[in-house]
Amino acid sequence: RRASALARAGTPCHTADGTRIEVVANLGSAAEAAPAIANGAEGCGLLRTEFLFLERDTAPSVAEQAAEYQAIADALEGRPLIVRLLDIGGDKPAPYLPIAGEENPALGLRGIRVGLAHPALLEEQLRAILAVQPTGQCKIMLPMVAQIEELRRVRALLDRLCAELGIATPVQLGIMVETPAAAVTADLLAREADFLSIGTNDLTQYTLAMDRANPAVASALDGLHPAVLRLIGETCRGGAAHGRWTGVCGGLASDPLAVPILLGLGVTELSTAPVMVPTIKALVSDVTLAACRDHAAAALACASAAEVRALARSFATKEM
Ligand code: PEP
Ligand code: MG
């Protein structure tokens, strides 16, 4: 399967019954971009920009950031590049960004809250992204959104910068759905966000109230928990109500057992680990959306993650 998938590397991905599903890659550095494309990625669905900001004494300049983003955009040869704004916090400290010690870093100043608390840093990152040519190849994505004001404040800043720089091409601004709050209000957020991408790693952590970094709970931390699946379904419905696409960029998008359920819930973009792109593309082209929908409905009726996994294994044996 992998060999045939690689042979089709350059082609867009569809389900067996013809629904277009974009399979893109998560990237964490410029070096990963070309191999991801060679593997068949249709672009980048999540650029984790932390690599530019961590383990250094001062923040990267606009020019330095712009050069990195441009290198990645060039390596993607015009394909879409979704740049996630800086997602650091108490758990990933940077010396130039003093964040007071927090008892619960996962519930503290992190994700887009950091950028809004340090507006100069946020503005510099936006300027660097806006400098990438051609305008529009880069889309901007906000991490850890919990309140619509966060989106509105970044939108206002983005509009001001575009006006100042004379950028007339619309620059898409989307959000990550990583908090239960964002998932259950996806219909409201989707009125103002250009796209939604579900970060299932954090969404699972916050839904199950289990720290993703705590080994004591790690074995129970499964994104196939029916509560998480219901929130994913709710997000897709909220997005679709306003004509927005919903993707998944968390670990579930790289999990072959999870992918048919995600498609059945309405997800149309999967951003996977670069190495998983051929497997996930092949899997998508093997299943029908009709079968995935029935399968997802059955998964939503399961009482536990273990039941969903058992169901998913039997679906894989029969349909894939
Ligand atoms: C996620 O939370 O699922 C996600 C993609 O973001 P990160 O893993 O970088 O927190
Ligand atoms: Mg996250």
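The values are calculated or read from the model by the stated rules, or taken from the named source; none is laboratory data. Bear in mind the structure is a predicted one, so any value in this text is a computation, not a measurement. With ideal geometry, Cβ positions are generated from the backbone for all residues, glycine too; neighbour counts draw on all protein chains shown.
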Report task. Could you check, for segment 277-287, whether at least one of its residues is within 16 Å of ligand 1 (Cβ to nearest atom), at pLDDT 95 or above and either under 14 Å from the mean Cα position of the chain (by Cα) or not in a helix (DSSP H, G or I) (or both)? Result -> no
Requested in this report: Among residues belonging to segment 254-268 that are in contact (Cβ under 8 Å) with a residue 60 or more places away in the chain and surrounded by 24 or more Cβ atoms within 10 Å (Cβ to Cβ), point out the one that is farthest from Ala291 (Cα to Cα).
Outcome: Val267
Report summary line: Per the list (1) assigned to a helix (DSSP H, G or I); (2) away from ligand 2 (no atom under 16 Å from the Cβ); (3) touching a strand residue (DSSP E or B) at 6+ places or on another chain (Cβ under 9 Å), residue check on Arg127 breaks on (3)
Requested in this report: Specify the residue that is modelled with the lowest pLDDT; the eligible residues are those in segment 176-218 that are near ligand 1 (Cβ under 9 Å from one of its atoms) and either closer than 15 Å to Ala240 by Cα or surrounded by fewer than 21 Cβ atoms within 10 Å (Cβ to Cβ) (or both).
Outcome: Arg212
Query - segment 97-116 - residue that is part of a loop (DSSP other than H, G, I, E, B) and touching a helix residue (DSSP H, G or I) at 6+ places or on another chain (Cβ under 9 Å) and, of those, surrounded by the most Cβ atoms within 10 Å (Cβ to Cβ) - result: Gly111
Query raised in the report: Mind checking which pairs have a first residue in segment 19-35 that is farther than 28 Å from Ala290 by Cα and a second that is in a loop (DSSP other than H, G, I, E, B) and modelled with pLDDT of 95 or more, Cβ under 8 Å, 6 or more apart or different chains?
Result: Ala33/Leu76
Report task. Name every residue in segment 173-188 that is in contact (Cβ under 8 Å) with a residue 40 or more places away in the chain and away from ligand 2 (no atom under 16 Å from the Cβ), in order of residue number. Result -> Val184, Thr185, Ala186, Asp187, Leu188
Query raised in the report: Does Ala303 satisfy the criteria of being within 16 Å of ligand 1 (Cβ to nearest atom), part of a loop (DSSP other than H, G, I, E, B) and surrounded by fewer than 16 Cβ atoms within 10 Å (Cβ to Cβ)?
Result: no
Query raised in the report: Do we find that His225 is over 21 Å from Leu142 (Cβ atoms) and not small (Gly, Ala, Ser) in this structure?
Result: yes
Query raised in the report: Are any residues in segment 45-79 more than 16 Å from ligand 2 (Cβ to nearest atom), outside any helix (DSSP H, G or I) and among the aliphatic types (A, V, I, L, M), and if so, which ones?
Result: Ala59, Leu76
Report summary line: Flagged in segment 289-314 as of a type in the set (D, E, K, R) and under 19 Å from Thr204 (Cβ atoms), in numbering order, are Glu307, Arg309
Report task. Run down Pro80, Pro95 and say which single residue is within 30 Å of Asn214 (Cβ to Cβ) and either touching a Cys at 6+ places or on another chain (Cβ under 9 Å) or at pLDDT below 95 (or both). Result -> Pro95
Query raised in the report: Out of the residues in segment 80-96 that are surrounded by 19 or more Cβ atoms within 10 Å (Cβ to Cβ) and of a type outside the set (A, V, I, L, M, F, W, C), which is farthest from ligand 2 (Cβ to nearest atom)?
Result: Gly89
Report summary line: In segment 189-201, anything under 18 Å from Pro226 (Cβ atoms) and without any contact (Cβ under 8 Å) to a residue 60 or more places away in the chain is listed as Thr200, Asn201
Query raised in the report: Restricting the first residue to segment 37-64 and requiring it to be in contact (Cβ under 8 Å) with a residue 60 or more places away in the chain, which pairs with a second residue that is assigned to a loop (DSSP other than H, G, I, E, B) and away from ligand 1 (no atom under 16 Å from the Cβ) meet a Cβ separation below 6 Å and a spacing of at least six or different chains?
Result: Gly40/Ala9; Ala59/Tyr96
Query raised in the report: Among the numbered criteria (1) β-branched (Val, Ile, Thr); (2) within 17 Å of the chain's Cα centre (by Cα); (3) farther than 21 Å from Ala297 by Cα, which single criterion is violated by Val228?
Result: (3)
